[in-house]
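Encoded as C-alpha cells, the structure appears first; notes follow it.
The values are calculated or read from the model by the stated rules, or taken from the named source; none is laboratory data. None of the values given here were measured: they were computed from a predicted structure. Methodologically, a virtual Cβ is constructed for each residue, glycine included, from the backbone with ideal geometry; neighbour enumeration extends over all protein chains shown.
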Amino acid sequence: MNAVTAGEMEDLAKLFRVLGHEMRLTVLGLLSAGELAVGELAERMDVSMSMLSQQLAVLRQAELVSTRRDGKQVYYTLDSARVAELLRQVAFLQPAVLAPGAVAAGAGDPYSARLGAATFARIQPPR
C-alpha cells in the first residue's frame, strides 16, 4: 500500500465534509439519474432557490458537479464517472441515496429515493 501524504488526507477530509451535508447528498443523489435544471432540483427537494444555490456552490467548488447554461436556464450534472462511482459506493451502505433510475453497481435495478428525508440510516442502539 502506498503511503498517503498529509495533503492527500486533508483533501479527503475536505471531501467528507462536503458530503456530510444532507442537502448536498440529496442533490448528488438526484443528479445520479441525470442532468437537472436548478428550478427542477429546487422543486423536487422543496427548498428555496437561495438555499439550493448555496449548496450547489459548495458542490461546484469541490468539483463534484458541473454546469451547463442554455439561455437563462442552468443545468447541473455529476462532474465525472468518479463522482457517480462514489455515490454507488455510498448507496451500498444506504440504497436510498440514489435517485430513481440510477443503477447501483452490480445491482441491476434502480434504487428508490427518499427525497427530502435523511439519506443515511439512523442506527438505533439495541434495547
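Checked against (1) loosely packed, with under 12 Cβ neighbours inside 10 Å; (2) closer than 20 Å to Val97 by Cβ; (3) of a type in the set (S, T, N, Q), Thr5 passes all but a single condition, namely (2).
Among what's in the range 43-60 and is without any contact (Cβ under 8 Å) to a residue 12 or more places away in the chain and assigned to a helix (DSSP H, G or I), pick the residue that is surrounded by the fewest Cβ atoms within 10 Å (Cβ to Cβ). Break it down stepwise before answering.
Here is the first cut: in the range 43-60, the residues without any contact (Cβ under 8 Å) to a residue 12 or more places away in the chain are 43, 48-50, 54, 57, 60.
Among the residues that remain, those that are also assigned to a helix (DSSP H, G or I) are: 43, 49-50, 54, 57, 60.
Working: Glu43: 13, Met49: 13, Ser50: 8, Gln54: 12, Ala57: 11, Arg60: 14.
Only one residue tops the list, namely Ser50.
Per this entry, Val18 is not counted among residues that are under 12 Å from the mean Cα position of the chain (by Cα) and at pLDDT below 85.
Residues that are in contact (Cβ under 8 Å) with a residue 40 or more places away in the chain, touching a Gly at 6+ places or on another chain (Cβ under 9 Å) and not acidic (Asp, Glu) do occur in the range 16-30.
When Ala33 is tested against (1) over 15 Å from Val97 (Cα atoms); (2) in contact with a Pro (Cβ under 8 Å, 6 or more places away or on another chain), exactly one condition is not met: (1). Leu36 falls short of the stated requirement of being touching a residue at least 60 places away in the same chain (Cβ under 8 Å) and either of a type in the set (Phe, Trp, Tyr) or in contact with a helix residue (DSSP H, G or I) (Cβ under 7 Å, 6 or more places away or on another chain) (or both).
Quick one: would you say Val38 is among the hydrophobic types (A, V, I, L, M, F, W, C) and under 21 Å from Gln94 (Cβ atoms)? Give the derivation first.
Working: among the hydrophobic types (A, V, I, L, M, F, W, C): yes; under 21 Å from Gln94 (Cβ atoms): no.
The answer is no for Val38.
Evaluate the range 23-42: report whether one residue or more is surrounded by fewer than 20 Cβ atoms within 10 Å (Cβ to Cβ) and polar (S, T, N, Q). Checked the range 23-42: no residue is surrounded by fewer than 20 Cβ atoms within 10 Å (Cβ to Cβ) and polar (S, T, N, Q).
Scanning the range 63-116 for residues that are crowded, with 17+ Cβ neighbours inside 10 Å, in a loop (DSSP other than H, G, I, E, B) and at pLDDT 85 or above returns Leu64, Asp79.
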